[in-house]
Amino acid sequence: MIKILIVDDSPTARAVLSHLLEQDPEIQVMGFATDGRQAVEMAVRLKPDLITMDVEMPDMNGLEATRLIMAKRPTPIVIVTGHAHTSKLDVAFEAMKAGAMEVIPKPIDFGAGENDTWEEDLLAKIKTLAGIQPQTIADLGLRNAE
């Protein structure tokens, strides 16, 4: 069972992601955070297998939360953001630099139920990345910093 923490300040985005992920019998959504500070605290306490993370949130954005999570409890993080449409390379570069494993843009009609390819892609990436052990992530971060 893959345990997921969903981090997004939008109630709609949290509901859509939760519904999508819980359709898969191998995935369990174990919690929701609405800002970056809450995400860091929940990542340390709940120890999810993977985190989906929005970028723009109040209090602390997703990139800063990703940096802190990678320092405190390395966990595979998939950035799921609406910002990837407008400045895809900048967001992707900053997210990867912070420690995220993948950046996936939210569809323009997110939640409309007509995004089968996007949904399949997200599920496939989550299943692949959830298998990466935290120690491996920490080792990769150390190598990239050198």
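For segment 1-81, the helices (runs of 4 or more DSSP H) that sit wholly inside it and include 2 or more residues that are within 19 Å of K127 (Cβ to Cβ) are 11-22. Number of residues in segment 28-76 that are within 16 Å of I4 (Cβ to Cβ) and free of Cβ contacts under 8 Å to residues at least 12 places away in the same chain: the value is 1. With respect to the stated conditions, K97 fails to be at pLDDT 95 or above, loosely packed, with under 14 Cβ neighbours inside 10 Å and farther than 18 Å from L123 by Cα. Residues in segment 14-70 that are surrounded by fewer than 16 Cβ atoms within 10 Å (Cβ to Cβ) and among the β-branched types (V, I, T): V44 alone. Taken as a whole, the structure places D35 among residues that are more than 19 Å from A92 (Cβ to Cβ), in contact with a Pro (Cβ under 7 Å, 6 or more places away or on another chain) and not aliphatic (A, V, I, L, M).
So that you can scan it fast, the table gives a plain yes or no per residue for (1) over 14 Å from the mean Cα position of the chain (by Cα); (2) within 18 Å of L129 (Cα to Cα); (3) at pLDDT 95 or above:
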position: K3; (1), (2), (3): no, yes, yes
position: V7; (1), (2), (3): no, yes, yes
position: D49; (1), (2), (3): no, yes, yes
position: P74; (1), (2), (3): no, yes, no
position: S87; (1), (2), (3): yes, no, no
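Taking each residue of segment 1-27 that is acidic (D, E) and looking for partners that are buried (at least 18 other Cβ atoms within 10 Å of the Cβ) and not in a loop (DSSP other than H, G, I, E, B) with beta-carbon atoms closer than 6 Å, six or more apart or interchain, yields D8/R14; E22/V29; E26/I2.
The values are calculated or read from the model by the stated rules, or taken from the named source; none is laboratory data. Since the model is a prediction, treat every value here as computed from it, not as a measurement. So basically every Cβ, Gly included, is an ideal-geometry build from the backbone, and we count neighbours across all protein chains shown.
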